[in-house]
1. At a Förster distance of 25 Å, what's the computed FRET efficiency of Asp238 paired with His132, Cβ-Cβ distance as r, to 0.05?
2. Just the accessible area per residue of the chain, please: how many Å² with a 1.4 Å probe?
3. Place +1 on the Cβ of every Lys and Arg and -1 on the Cβ of every Asp and Glu in the chain, take the dipole about the Cα centre, and give the residue among Ser173, Ile242, Gly121 whose Cα lies farthest towards its positive end.
4. Less than 14 Å Cβ to Cβ from Ser245, Lys/Arg counted +1 and Asp/Glu -1: what total charge do the surrounding residues give?
5. Can you give me the relative contact order of the chain as a percent, contacts being Cα pairs under 8 Å and 6 or more apart?
6. In the range 83-143, what trypsin sites (Lys or Arg not before Pro) fall in a loop by DSSP, with at most 11 other Cβ atoms inside 10 Å?
7. What GluC sites (Glu not before Pro) in the range 1-72 are in a loop by DSSP, with at most 10 other Cβ atoms within 10 Å of the Cβ?
8. Given a Förster distance of 22 Å, report the FRET efficiency between Gln60 and Lys2 from their Cβ-Cβ distance, rounded to the nearest 0.05.
Amino acid sequence: MKKLEGQISVITGGAGNLGSTAAELFLKEGSKVAIVDKDPEQLKLELNRLGKFGDIISIQADVTSEKDVRDYVDQVLSTWGRIDVFLNNAGILGKVAPLIDQETEDFEAIMNINVKGVFLGLKYVLPIMIDHKKGSIINTSSTSGLTGSSGNSLYSASKHAVVGLTKTAALESAPSGIRVNSIHPSPIDSEMMRIIAKELNKDDPEKIKEKITARIPLGRYGAMQEVANLMLFLAGDDSKFITGSQYRVDGGMGAR
């Protein structure tokens, strides 16, 4: 039997690399999937690409808008009647720079998406799951949400905040049988990491990749599929006694 057979999943940031990778895996494992994203063109592309794997809808929404969040939750309910799995995944990197070079506007921008967006998702999805006394929520944080991140202070702060929201939501919803966990990927082979490398060394970004890779005991960046596999584990019944936890998928970085 497929691991998410008959489940209803919502994935924010669903048109991005990680969100769409998870959506494909969830569809293959039997879930119906709603991908939520702000980018209408990328949503259209992903809807067309993913349609062959299962039952999927796309919803354009800004996760920082309370109205948009209410609307995407309502649209999923009107289509399928419930939400079983919520992948609270949308986020941005923000400006890569020392803390003293960050501006107030930079702080507000990253907190708005990475923290407020997660908060609003929890606020409007949790009541649906509580009513059904069933559900799994996976919040996407980062290894930077567990340690400091030199040159990336605002991102690190926002991802630490996700941990606080995760633990509190897990405690508050556990009596209703809801599970809430966070995942913490290391650097992943992605456009985000290529942007970071260029920001830190415009002339030779490959040197930055080599430097970062040297800090990963397994000696490489992670792959999107490897992170999606962890999301699948936390979404399904294999993890039904796990809540309030922080899961690293980091090639051993946390062992240092």
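The values are calculated or read from the model by the stated rules, or taken from the named source; none is laboratory data. Model, not experiment: these values are computed from the prediction. We place every Cβ from the backbone using ideal geometry, glycine too, and count neighbours over all the protein chains shown. What goes into the accessible areas is simple: the full protein's heavy atoms, side chains included, and nothing from ligands, DNA or RNA. Shrake-Rupley method; radii C 1.70, N 1.55, O 1.52, S 1.80 Å.
1. Numbers: r = 20 Å, r/R0 = 0.80.
Once the sixth-power term is evaluated, E becomes 0.80.
2. Each residue of the chain exposes 48 Å² on average to a 1.4 Å probe.
3. Ile242
4. Numbers: positive: Lys167, Arg179, Lys240, Arg248; negative: Asp238.
Once positives and negatives cancel, what remains is +3.
5. Numbers: 498 pairs, mean separation 46.5, N = 256.
For the chain, the relative contact order is 18 percent.
6. Lys133
7. Numbers: sites: Glu5, Glu24, Glu29, Glu41, Glu46, Glu66; in loops: Glu5, Glu29.
Hits after loop and neighbour filter: Glu5.
8. 0.20
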